[in-house]
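Notes follow the structure.
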Amino acid sequence: MTSRPWLRPVIKGLLRLAFRVYYRSIQVQGMEHFPREGPVLLVANHPSSLLDPAVLVYLLSRPVHFGAKHTLFSGPFGAVLEAFGAIPLVRAQDDRRPMERNLEAFERFTALLGEGRVTAIFPEGLTQDEPHLSPVKTGAARIALQAEDAAGFTLKLTVVPVGLQFEPRRRFRADAFVRFGEPF
């Protein structure tokens, strides 16, 4: 999975420190909806780019494997994404060629969920500046159905909706609000 296993705990510790300074508060509702075991697909809105997955990593005790746009893997965050087991996704707005390029990513999600891991996807496919959701893409549904199909529909995948909000947005000492919705 990663050639730098030490990087994940180091970054998680740095996030703990950074968020105590950066956010005035992080308020969480519905944490009881997050399963302690078994396969989980988190489906979250995407209001704040790289902070969204970072907040979830900070809050959750279980490792989370995120889908992330493929172009981030060649930039300065590549090693961090690798350490956290992120899965590169090719977004239609980045590359109009056939989306078969994501078949490997979907297989990776299926394998992780088959192992009882936690995965996450931001189905809007982009960071959203408006206080409402953009149209969602089909990736989350495809991942869930493919994982269940691979397990003969006995996987017992839990899909947990997650709402993220930051007020004021993109400002130092903002308040972060995280709500884990009713799983299905």
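Some values worked out for this structure:
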item: Selection from region 46-87 of residues that are β-branched (Val, Ile, Thr), under 22 Å from residue 26 (Cβ atoms) and over 9 Å from the mean Cα position of the chain (by Cα); result: 55, 80
item: Cβ pairs under 7 Å, 6+ apart, first in region 8-22 and under 13 Å from residue 59 (Cα atoms), second at pLDDT 90 or above; result: 12/57; 15/54; 15/57; 15/58; 16/58; 19/26; 19/58
item: Qualifying residue in region 75-88 (condition: in contact with a His (Cβ under 8 Å, 6 or more places away or on another chain), among the hydrophobic types (A, V, I, L, M, F, W, C) and more than 23 Å from residue 37 (Cβ to Cβ)); result: no
item: Scope region 54-74; condition within 30 Å of residue 94 (Cα to Cα), touching a residue at least 40 places away in the same chain (Cβ under 8 Å) and surrounded by fewer than 16 Cβ atoms within 10 Å (Cβ to Cβ); matching residues; result: 63
item: Residue satisfying all of: in region 16-53; open to solvent by less than 30 Å² (accessible area, probe 1.4 Å) and hydrophobic (A, V, I, L, M, F, W, C); farthest from residue 156 (Cα to Cα) among these; result: 19
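The values are calculated or read from the model by the stated rules, or taken from the named source; none is laboratory data. These figures come from a predicted structure and were not determined experimentally. Here Cβ is always computed from backbone atoms with ideal geometry, including for glycine, and neighbour counts include all displayed protein chains. Accessible surface is based on the protein model in full, side chains and every heavy atom, while ligands, DNA and RNA are left aside. Shrake-Rupley method; radii C 1.70, N 1.55, O 1.52, S 1.80 Å.
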